[in-house]
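The values are calculated or read from the model by the stated rules, or taken from the named source; none is laboratory data. Model, not experiment: these values are computed from the prediction. When we count neighbours, we look across all protein chains shown, and the Cβ atoms used for this are built from the backbone with ideal geometry, even at glycine.
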Amino acid sequence: MVQVRRVEEADSEDRRQKIAVIILFSIGMLVLSYLIYDYVQIMNFAAMPENLAEVDPVISSLRAEGLVHSLDISASKMTVDPLAWGGRSKAEKTGIITQLARYCVEKNNQRTWSLRVVANPSGVELGGIGPSGLKVY
């Protein structure tokens with residue numbers, strides 16, 4: 001036996017389907033916009049000037065501020081003053097680590113980003129980036 005729907009039931013079903021499609025589309029756009037935002041944030045931290053010589057004054061200014069004691073580019077290791085490092089925000093620390101890791105990659109002609117941030121007298125690791133990801137303490 002064939003079931004016949006009334007016009008009101010068909011209209012109600014159409015509305016439910018349209019609402020479901022709109023909700024799913026909205027969720028998809030929200031996820032896509034978050035992914036794009038996250039990508040842009042990462043790229044803002046990792047943006048490098050075309051001329052690597054422009055990074056050297058930044059390193060010099062970090063040394064003048066007392067933050068950086070030494071930067072060993074070949075070993076991808078930066079020694080910092082732990083008190084000055086602790087006074088920086090997490091965003092600043094992330095920016096410094098990613099910028100200098102990319103700088104070391106460019107200088108060493110490496111394929112993977114790596115940089116260890118260690119405290120000056122003790123050698124305790126305060127952050128870094130490498131195969132295990134980005135760590136900021």
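Which of the residues that make up segment 63-80 are part of a strand (DSSP E or B) and hydrophobic (A, V, I, L, M, F, W, C)? Within segment 63-80, 68, 71, 78, 80 meet the criteria. Among the criteria (1) surrounded by 14 or more Cβ atoms within 10 Å (Cβ to Cβ); (2) at pLDDT 90 or above; (3) part of a helix (DSSP H, G or I), the one residue 83 does not fulfil is (1). Checked across segment 52-61, the condition of being out of contact with any Gly (no Cβ under 8 Å at 6 or more places or on another chain) and not in a helix (DSSP H, G or I) holds for no residue.
Does segment 91-99 include one or more residues that are over 21 Å from residue 38 (Cα atoms) and out of contact with any Pro (no Cβ under 8 Å at 6 or more places or on another chain)?
The first filter runs over segment 91-99 and keeps only residues over 21 Å from residue 38 (Cα atoms), leaving none.
Within segment 91-99, none of the residues are over 21 Å from residue 38 (Cα atoms) and out of contact with any Pro (no Cβ under 8 Å at 6 or more places or on another chain).
For segment 90-136, enumerate the residues that are within 20 Å of residue 63 (Cα to Cα), part of a loop (DSSP other than H, G, I, E, B) and among the hydroxyl-bearing types (Ser, Thr, Tyr).
122
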